[in-house]
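Colleague: Can you read through this structure? Questions will come right after.
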Amino acid sequence: MSAKILVVDDSMMVRQQVGRALTAAGFSVIDAVDGVDALQKLAANQGTQLVVCDVNMPRMNGIEFLENLRKDPSFGRVPVVMLTTEGQPELIQQAKELGAKGWIVKPFKPALLVAAVTKLTAAAA
Amino acid sequence: MEPSTEIAELFAVVDDTLVSAALELFPAYEIEVAHLADEIEVPPSGATHIYAAVIGYAGECVRGALVLMAPMDVIRSWRPDEVDMTEAILDDTIGEFSNMLLGSVKNRLLARGAVLLLATPTIASGINFCLPAPSGGACRWQCFETVKGRFYARVDASFDAGFTFQPEPPATDDVAADGDMMFL
């Protein structure tokens, strides 16, 4: 069975672009428009193996999403890769301390994202 | 009124950064783009229906906004896929490109010591857009040519007294660049 990936971004274009790249690589993709939606989608989709998450989003941003994710033991240690326009070292460090496994600065190269997701899902399996 | 020499020099750093960021961003989406450096035309007026994304930014002693403006056919060509361009998709596309463009400017200026916080994009569409220059600051339209037509970008910047950019540093790994991937 293909690994299920949750893509979280307030931009429809980015969700579609990431979804297309991951689907073509054999992953199963679900999406969410912000951190609140992502927590709900994770709860409804047990067994999600990785999250690709934007940082700047309305309602709940990517860093707040990480904080909430780590507080909830039901989500276990689902790996998260941040995909964002942000490149600030302090923000990257904050995400790392909250357990993020990767950081990609937009615009992203689809092959690079697929390689990262493949590596992290294999490691988590 | 012309900005002072000091403001003009500070603004040139921001403006040059905008141009270099745009010339890297669009090719990353396989959009060929040329900067029309001598083009002083402002965005088209009259009957052309255009879309504009505006994002404000602020840092210590500096603030302003990015405006990205393009007609529908040009925005459609920015999409990497074939979709029916509804108003929502047009808004989303120009909003995301403006977000990535200003994000790239922000990351580049971070290396010059300016820490900027960005708002989220606001989208407008219509004809006869008129955007006055910010009072006490500087701005300039930049024009870019693609196979589907021209688009326009403008960064507004106002600086408080005493604001400076640090000298351009040598290449470093301290700030993540566009397209970078890091395992944490």
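Computed from the coordinates by the stated procedures, all read-outs in this text should not be read as laboratory data. Everything numeric here is computed off the predicted structure, so don't read it as measured data. Cβ coordinates were reconstructed from backbone atoms using ideal geometry, including for glycine residues, and neighbour counts include every protein chain displayed.
Colleague: Set the Förster radius R0 to 35 Å, insert the Cβ-Cβ distance between B:TRP141 and B:LEU117 as r into 1/(1 + (r/R0)^6), and round the FRET efficiency to 0.05.
Modeller: Calculated transfer efficiency: 0.90.
Colleague: Going by alpha carbons, how many degrees (0 to 90, nearest 10) lie between the helix axis of B:5-28 and the longest principal axis of chain B?
Modeller: 50
Colleague: What's the exposure ranking of B:TRP78, A:TRP103, B:TRP141, going from fewest to most Cβ atoms within 10 Å?
Modeller: Placing the least packed residue first, the sequence is B:TRP141, B:TRP78, A:TRP103.
Colleague: Rounded to the nearest 20 debye, what is the charge dipole size of the stretch A:4-124 about its Cα centre when +1 sits on each Lys and Arg Cβ and -1 on each Asp and Glu Cβ?
Modeller: 480
Colleague: What is the helix-to-structure angle for B:87-110, meaning the angle in degrees between its Cα long axis and the longest Cα principal axis of chain B, kept from 0 to 90 and rounded to the nearest 10?
Modeller: Taking Cα atoms only, the helix is inclined about 20 degrees.
Colleague: Please rank A:SER11, B:SER4, B:SER125, A:SER28, fewest neighbouring Cβ atoms within 10 Å first, as an exposure proxy.
Modeller: If I rank by nearby Cβ atoms, fewest first, I get B:SER4, A:SER28, B:SER125, A:SER11.
Colleague: How big is the gap, in Å, between the Cα center of the stretch B:95-112 and the Cα center of the stretch A:85-125?
Modeller: Distance between centres, Cα-based: 19 Å.
Colleague: What is the local net charge at A:VAL29, summed over the other residues whose Cβ is closer than 13 Å to its Cβ (Lys, Arg +1; Asp, Glu -1)?
Modeller: +2
Colleague: Tally Lys and Arg at +1 and Asp and Glu at -1 over the other residues with C-beta under 11 Å from the C-beta of B:ASP160: what net charge comes out?
Modeller: Net local charge, B:ASP160 excluded: 0.
Colleague: Give the longest segment of chain B that steers clear of GluC sites (Glu not before Pro) in DSSP loops with at most 16 neighbouring Cβ atoms within 10 Å, not counting the sites themselves.
Modeller: Longest stretch, sites excluded: B:83-184.
Colleague: Give me the net charge for the shell around A:GLY47: Cβ to Cβ below 15 angstrom, other residues only, Lys and Arg +1, Asp and Glu -1.
Modeller: Taking every other residue near A:GLY47 into account, the sum is +3.
Colleague: As a footprinting exposure proxy, order B:PHE159, B:PHE151 by other Cβ within 10 Å, with the fewest listed first.
Modeller: If I rank by nearby Cβ atoms, fewest first, I get B:PHE159, B:PHE151.
Colleague: Given the -39500 (n - 2.57) contribution per DSSP H run of 4+ residues, what per-residue ellipticity at 222 nm results for chain B, rounded to the nearest 500 deg cm²/dmol?
Modeller: -10000 deg cm²/dmol, from helical runs alone.
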